[in-house]
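First comes the structure, then the notes that go with it.
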Amino acid sequence: MEGHTRGRITKDGIRIYEDGDFAGMQAAGALAARILDDVAALVEPGVTTATLDDFVRDQVEAAGATSATIGYKGYQHATCISVNHVVCHGIPGPKTLKDGDILNIDVTVIVDGWFGDTSRMYVAGQLSRKAERLVQVTHDALMKGIEAVKPGNTFGDIGHAIQAYVEANRMSVVRDFCGHGLGRVFHAPPNVLHYGRPGSGAVLEEGMFFTIEPMVNLGRPETKVLADEWTAVTRDKSLSAQFEHSIGVTATGADIFTLSPGGKFHPTWG
């Protein structure tokens, strides 16, 4: 990557990584994605979210990796599990899944110093029609955001692609949370907004690593954080969904580090 030296930071504070760094991110992303593949079989009515979290914790340890979330700002779990109207940062616990519940499971692992961060939607039992549509629009919005990733485009182009698609489907994009840079740190510049104007924001360059993780609500976009200071919910109690990939900008587009090895990224894979 000519001219892109290790440690170079853009004027917007975004680190540019070298070609060799992609392998580290691919390894971390692959482990996170495999764990989310493997937990899928456990998601069914009657299971607690704590059970799912215990499984993920065991898988991370068995792989010789580290959970990035255990101990992060006092958080004590290997996942965030956000059910129904929980937008993000749901805390695993004794809550039992019911038939038709939709849930996002978010996992971040550290492999040889590299962070792999991904989340996807699951359903316990039968997916309702309105939940299925929400999940599909959210999934497709993420992929449209990724399609906008290439050198010379801007972060506003990513946000606009997501927002335009979601709003055309009469749903709303959460404004209160965003994607982020990552690599050898969990969170770094830039903030990756899931809404925006074409051509606005920092210009994408080969070697940037970041997440795209749109949260989409069936109702209004407003959220509130509960008293536990983690769990974010929709203010209008409408259903919310989220998908997240970690990506690296290549010469021609995006390298998705967190692709599902088993093709299970979408909950209707079976």
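Going through the stretch 214-239 one residue at a time, which ones are part of a strand (DSSP E or B) and touching a Gly at 6+ places or on another chain (Cβ under 9 Å)?
Of everything in the stretch 214-239, those that are part of a strand (DSSP E or B) and touching a Gly at 6+ places or on another chain (Cβ under 9 Å) turn out to be Ala232, Val233, Thr234.
Give the residue, chosen from Thr138, Thr154, that is among the hydroxyl-bearing types (Ser, Thr, Tyr), modelled with pLDDT of 95 or more and crowded, with 23+ Cβ neighbours inside 10 Å.
Values: Thr154 fails: crowded, with 23+ Cβ neighbours inside 10 Å.
After ruling out the rest, the residue left standing is Thr138.
If we keep just the residues of the stretch 5-29 that are open to solvent by 30 Å² or more (accessible area, probe 1.4 Å) and aliphatic (A, V, I, L, M), which is nearest to Lys98 (Cα to Cα)?
It comes out as Ala27.
Might you check whether a residue that is without any contact (Cβ under 8 Å) to a residue 40 or more places away in the chain and surrounded by fewer than 20 Cβ atoms within 10 Å (Cβ to Cβ) occurs anywhere in the stretch 245-256?
First, pick out the residues of the stretch 245-256 that are without any contact (Cβ under 8 Å) to a residue 40 or more places away in the chain: none.
Looking for residues that are without any contact (Cβ under 8 Å) to a residue 40 or more places away in the chain and surrounded by fewer than 20 Cβ atoms within 10 Å (Cβ to Cβ), one finds none in the stretch 245-256, hence no.
For every residue, the table says whether it meets (1) among the aliphatic types (A, V, I, L, M); (2) more than 20 Å from the chain's Cα centre (by Cα); (3) at negative phi.
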| position | (1), (2), (3) |
| --- | --- |
| Ile14 | yes, no, yes |
| Tyr17 | no, yes, yes |
| Ala27 | yes, no, yes |
| Gly64 | no, yes, no |
| Ser82 | no, no, yes |
| Val86 | yes, no, yes |
| Pro92 | no, no, yes |
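How many residues does the stretch 64-88 contain that are touching a helix residue (DSSP H, G or I) at 6+ places or on another chain (Cβ under 8 Å) and either over 23 Å from Phe243 (Cβ atoms) or open to solvent by 50 Å² or more (accessible area, probe 1.4 Å) (or both)?
Quick first cut of the stretch 64-88, residues touching a helix residue (DSSP H, G or I) at 6+ places or on another chain (Cβ under 8 Å) only: 65-67, 70, 77-79, 81, 83.
Applying the additional criterion that residues be either over 23 Å from Phe243 (Cβ atoms) or open to solvent by 50 Å² or more (accessible area, probe 1.4 Å) (or both) yields 66, 70.
Residues flagged as touching a helix residue (DSSP H, G or I) at 6+ places or on another chain (Cβ under 8 Å) and either over 23 Å from Phe243 (Cβ atoms) or open to solvent by 50 Å² or more (accessible area, probe 1.4 Å) (or both) within the stretch 64-88 amount to 2.
Starting from the stretch 67-86, keep only residues that are in contact (Cβ under 8 Å) with a residue 60 or more places away in the chain, then list their pairs with residues that are basic (Lys, Arg) and surrounded by fewer than 24 Cβ atoms within 10 Å (Cβ to Cβ) whose Cβ atoms are within a distance under 9 Å, requiring at least 6 positions of separation or different chains.
If the second residue must be basic (Lys, Arg) and surrounded by fewer than 24 Cβ atoms within 10 Å (Cβ to Cβ), the pairs left are Asn84/Lys237; His85/Lys237.
Tell me which of these Ala32 doesn't satisfy, since it passes every other one: (1) closer than 27 Å to Thr252 by Cβ; (2) open to solvent by 50 Å² or more (accessible area, probe 1.4 Å); (3) part of a helix (DSSP H, G or I).
It is condition (2) that Ala32 fails.
Inside the stretch 175-197, can you point out the residues that are more than 18 Å from the chain's Cα centre (by Cα) and open to solvent by less than 50 Å² (accessible area, probe 1.4 Å)?
At the first step, the residues of the stretch 175-197 found to be more than 18 Å from the chain's Cα centre (by Cα) are 196-197.
If the condition is that a residue be more than 18 Å from the chain's Cα centre (by Cα) and open to solvent by less than 50 Å² (accessible area, probe 1.4 Å), then Gly196 is the only one that fits.
Within the bounds of the stretch 81-95, is there any residue that is at pLDDT 95 or above, within 22 Å of Val185 (Cβ to Cβ) and assigned to a loop (DSSP other than H, G, I, E, B)? Outline the logic, then answer.
Of the residues in the stretch 81-95, the ones at pLDDT 95 or above are 81-94.
If we keep only those that are within 22 Å of Val185 (Cβ to Cβ) too, we end up with 88-89.
Add one more test, that the residue is assigned to a loop (DSSP other than H, G, I, E, B), and what stays is 89.
Yes: the stretch 81-95 contains one or more residues that are at pLDDT 95 or above, within 22 Å of Val185 (Cβ to Cβ) and assigned to a loop (DSSP other than H, G, I, E, B).
Considering only residues that are among the polar types (S, T, N, Q) and modelled with pLDDT of 95 or more, which ones fall in the stretch 234-270?
Filtering the stretch 234-270 down to residues among the polar types (S, T, N, Q) leaves 234, 238, 240, 242, 246, 250, 252, 258, 260, 268.
Passing the criteria: Thr234, Ser238, Ser240, Gln242, Ser246, Thr250, Thr252, Thr258, Ser260.
Which residues, taken from the stretch 157-174, are in a loop (DSSP other than H, G, I, E, B) and either within 16 Å of the chain's Cα centre (by Cα) or surrounded by 21 or more Cβ atoms within 10 Å (Cβ to Cβ) (or both)?
First, the residues of the stretch 157-174 that are in a loop (DSSP other than H, G, I, E, B): 169-171, 174.
Across the stretch 157-174, the qualifying residues are Met171, Val174.
The values are calculated or read from the model by the stated rules, or taken from the named source; none is laboratory data. Since this is a predicted model, take the numbers as computed values, not measurements. In this analysis, Cβ positions are derived from the backbone assuming ideal geometry, glycine residues included, and neighbour counts consider all displayed protein chains. Heads up: the accessible areas ignore ligands, DNA and RNA and are worked out on the full protein's heavy atoms, side chains in. Shrake-Rupley method; radii C 1.70, N 1.55, O 1.52, S 1.80 Å.
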